[in-house]
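Colleague: What follows is a structure written as structure tokens; I'll ask about it next.
The values are calculated or read from the model by the stated rules, or taken from the named source; none is laboratory data. Remember, it's a predicted structure, so these values are computed and weren't measured experimentally. Cβ sites come from the backbone with ideal geometry, for glycine too, and all protein chains shown count toward neighbours. SASA here: full protein model, heavy atoms, side chains in, ligands and nucleic acids out. Shrake-Rupley method; radii C 1.70, N 1.55, O 1.52, S 1.80 Å.
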Amino acid sequence: MDYNIAVIPGDGIGPEIVREACKVMDQVGKVFGHQFQYTEVLMGGCSIDAHGVPLTDEALETARNSDSVLLGAVGGNVGNSRWYDVAPNLRPEAGLLAIRKGLNLFANIRPAYLYKELMDACPLKREIIGEGFDMVIMRELTGGLYFGARHTEEVDGVMTAVDTLTYNENEIRRIAVKAFDIAMKRKKHVTSVDKANVLDSSRLWRKVVEEVAKDYPEVTLSHMLVDNCAMQLVMNPGQFDVILTENMFGDILSDEASMITGSIGMLSSASMNESKFGMYEPSHGSAPDIAGQDIANPIATILSAAMMLRYSFDLDAEADAMEAAVQQVLTEGFHTGDIYSEGCEKVGCSKMGDLIAERIRK
């Protein structure tokens, strides 16, 4: 089979980690008889440099006409970059919000899994980790505070900023359905996270999620306030299966979850619309301070590419092969600097990609 993938290397370490993911996918293609065609697209700071905007209409159209999108990372150092001395809608991250909205990528799927080889890299105590954890955070991605109306103005002589948090029942229902569908393939437990003791949007969220739950009698639904969830993730992460939550809460909680996996460099993600189309990216940022040094961890991007094969292309065996290759490399003791522990062999970004590609098997 042939697949057309829009590739967005982006900024910072983005080009390095995307290169390694494509290297591994190319090996998958050789072993399993597929052809992956890549069309490079500019987004973020590099697009600002080239076109004056973080995402052009042409770039969005290229992504829309592809079978899927693979993204590295966008942005730079906020306090030390020409990309940020402009209006918010012209900054690198605005391109990310625009492509999510333009492709209707409302469902963000972020697995957080602790490999036993990385238990020493996990900041939690062993008695908290137990046998490890395996959860998925389902984050609504195109609504809420990040996409609500906003303005800054002077009111009675005082500068005042307003950001609007809005959700309607249809937006909530569709992300809830995705979460329950995934739970049916896992341990059949959804934890819906909100702030229903304070926010009207959360009270509607809870009401709609409970309505959706009636269609999934095999799935256990529990509710948790977001502040409690933040605590529970570091007190007892093993209790979670699927965490369902809105945009801003999901942004924060998924980053917290990434760090208890040992490194944010291990956390993959998929952003999907109502079809099988998706954009796949690591959950970490562009890390401009280590860009170009061949020390970035490409595993999150490689695992994101595996999610692409599984969710967009229905290539489950190929995705299994990629995930197994990652596991094998870690088991053999090869680690990048961010997950390094005594007794392991430290390798760079390119070498890690080589090692994983070499271990792709049917």
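Colleague: Can you tell me which of (1) open to solvent by less than 10 Å² (accessible area, probe 1.4 Å); (2) closer than 20 Å to Gly12 by Cα is the one Ile264 doesn't meet?
Modeller: Going through (1) open to solvent by less than 10 Å² (accessible area, probe 1.4 Å); (2) closer than 20 Å to Gly12 by Cα one by one, Ile264 breaks only (1).
Colleague: If the Cβ limit is 7 Å and pairs must be 6+ apart or interchain, which residue in region 292-319 that is under 12 Å from Gly278 (Cα atoms) pairs with which residue that is part of a loop (DSSP other than H, G, I, E, B) and open to solvent by 60 Å² or more (accessible area, probe 1.4 Å)?
Modeller: Close Cβ pairs satisfying both conditions: Tyr311/Lys276; Ser312/Asp67; Ser312/Lys276.
Colleague: Follow-up. Does Asp120 fit the bill of being more than 30 Å from Gly262 (Cβ to Cβ) and open to solvent by 20 Å² or more (accessible area, probe 1.4 Å)?
Modeller: No: the conditions fail for Asp120.
Colleague: Consider only pairs whose beta carbons are under 7 Å apart and that are at least six residues apart or on different chains; among these, list those whose first residue lies in region 250-263 and is within 10 Å of Ala230 (Cβ to Cβ) and whose second residue is surrounded by fewer than 20 Cβ atoms within 10 Å (Cβ to Cβ) and hydrophobic (A, V, I, L, M, F, W, C).
Modeller: Matching pairs, first to second residue: Leu253/Ala230; Glu256/Ala230.
Colleague: Can I ask one more? If Gly292 meets every condition in (1) open to solvent by 40 Å² or more (accessible area, probe 1.4 Å); (2) among the small types (Gly, Ala, Ser); (3) under 17 Å from the mean Cα position of the chain (by Cα) apart from one, which number is that one?
Modeller: Among (1) open to solvent by 40 Å² or more (accessible area, probe 1.4 Å); (2) among the small types (Gly, Ala, Ser); (3) under 17 Å from the mean Cα position of the chain (by Cα), the lone unmet condition for Gly292 is (3).
Colleague: Here is a list: Val209, Val242, Val177, Val219. Which entry is touching a helix residue (DSSP H, G or I) at 6+ places or on another chain (Cβ under 8 Å), surrounded by fewer than 20 Cβ atoms within 10 Å (Cβ to Cβ) and under 14 Å from Met138 (Cβ atoms)?
Modeller: Val177
Colleague: When the residues of region 253-285 are narrowed to those that are at pLDDT 85 or above and more than 12 Å from the chain's Cα centre (by Cα), which ends up nearest to Thr301 (Cα to Cα)?
Modeller: Applying the filter and picking the extreme gives Thr261.
Colleague: Does region 324-334 contain at least one residue that is closer than 17 Å to Leu70 by Cα and assigned to a helix (DSSP H, G or I)?
Modeller: no
Colleague: Can I ask one more? For region 180-263, which fully contained helices (runs of 4 or more DSSP H) count at least 2 residues that are under 27 Å from Ser304 (Cα atoms)?
Modeller: 226-235, 247-260
Colleague: Something else about it: Filter region 163-174 for residues that are in a helix (DSSP H, G or I), more than 17 Å from His223 (Cα to Cα) and open to solvent by 50 Å² or more (accessible area, probe 1.4 Å) and give the result.
Modeller: Glu169, Asn170, Arg174
Colleague: For region 82-113, which residues satisfy the criterion of being assigned to a loop (DSSP other than H, G, I, E, B) and in contact (Cβ under 8 Å) with a residue 60 or more places away in the chain?
Modeller: Leu103, Asn104, Leu105, Phe106
Colleague: Do any helices (runs of 4 or more DSSP H) lying entirely in region 1-64 carry at least 3 residues that are buried (at least 22 other Cβ atoms within 10 Å of the Cβ), and which ones are they?
Modeller: Because the criterion is at least 3 residues that are buried (at least 22 other Cβ atoms within 10 Å of the Cβ), the helices (runs of 4 or more DSSP H) in region 1-64 that meet it are 14-32, 45-51.
Colleague: Filter region 301-334 down to residues that are more than 21 Å from Gln37 (Cα to Cα) and among the small types (Gly, Ala, Ser) and give me whichever is most open to solvent (accessible area, probe 1.4 Å).
Modeller: Ala324
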